[in-house]
Amino acid sequence: QLQASGGGLVQAGGSLRLSCAASRRAFTMYRMGWFRQAPGKEREFVAAIVWSGGRSYYADSVKGRFTISRDSAKNTVYLEMNSLKTEDAAVYYCAARVGVYSGGYRSSGDYNSWGQGTHVTVSS
């Protein structure tokens, strides 16, 4: 299971750090990612990281502002969000691809384990 936390209310320009703790042993996870869904919109890819090696990927809308990282000892992935904008407000979901996978990383279907969402609200 995945347990996401760290959401909250922040002013535009502020920062938040989301965490996602995985109960599954780290070596079975191939990739972890963050998605978000704003009211009335589809769930969209935010960032992903390959567990072994740490290669990361970002949506263009967050590149340069968000940083995804992982702590293998804690089986936890983080999403550091800086320079937040009102359009970043959404429910953020963490996801994991368990097992080796040769597919992509931007689609919800590329992940087979999901955590509950954590709300991020950005005030202007």
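Summary table below
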quantity	calculated
Complete set of residues in region 90-101 that are open to solvent by 30 Å² or more (accessible area, probe 1.4 Å) and modelled with pLDDT of 95 or more	Tyr93
Residues located in region 30-43, provided they are within 22 Å of Val98 (Cβ to Cβ) and among the acidic types (Asp, Glu)	none
Yes/no for Gly104 being within 14 Å of Ala48 (Cβ to Cβ), surrounded by fewer than 17 Cβ atoms within 10 Å (Cβ to Cβ), of a type in the set (Gly, Ala, Ser) and out of contact with any Pro (no Cβ under 8 Å at 6 or more places or on another chain)	yes
Region 107-124, residues that are open to solvent by 30 Å² or more (accessible area, probe 1.4 Å), touching a residue at least 40 places away in the same chain (Cβ under 8 Å) and in a loop (DSSP other than H, G, I, E, B)	Ser107, Gln116, Ser124
Ala21 vs. criteria open to solvent by 40 Å² or more (accessible area, probe 1.4 Å), under 26 Å from Ser123 (Cβ atoms), of a type outside the set (S, T, N, Q) and out of contact with any Cys (no Cβ under 8 Å at 6 or more places or on another chain)	no
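Per-residue answers, yes or no, for (1) touching a residue at least 40 places away in the same chain (Cβ under 8 Å); (2) within 13 Å of the chain's Cα centre (by Cα):
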{"position": "Ser61", "(1), (2)": "no, no"}
{"position": "Arg70", "(1), (2)": "no, yes"}
{"position": "Ala73", "(1), (2)": "no, no"}
{"position": "Thr76", "(1), (2)": "yes, yes"}
{"position": "Ala90", "(1), (2)": "yes, yes"}
{"position": "Ala95", "(1), (2)": "yes, yes"}
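The values are calculated or read from the model by the stated rules, or taken from the named source; none is laboratory data. Owing to the predicted nature of the structure, the values given are computational and were not obtained by experimental measurement. Here Cβ is always computed from backbone atoms with ideal geometry, including for glycine, and neighbour counts include all displayed protein chains. Heavy atoms of the whole protein, side chains included, go into the accessibility calculation; ligands, DNA and RNA do not. Shrake-Rupley method; radii C 1.70, N 1.55, O 1.52, S 1.80 Å.
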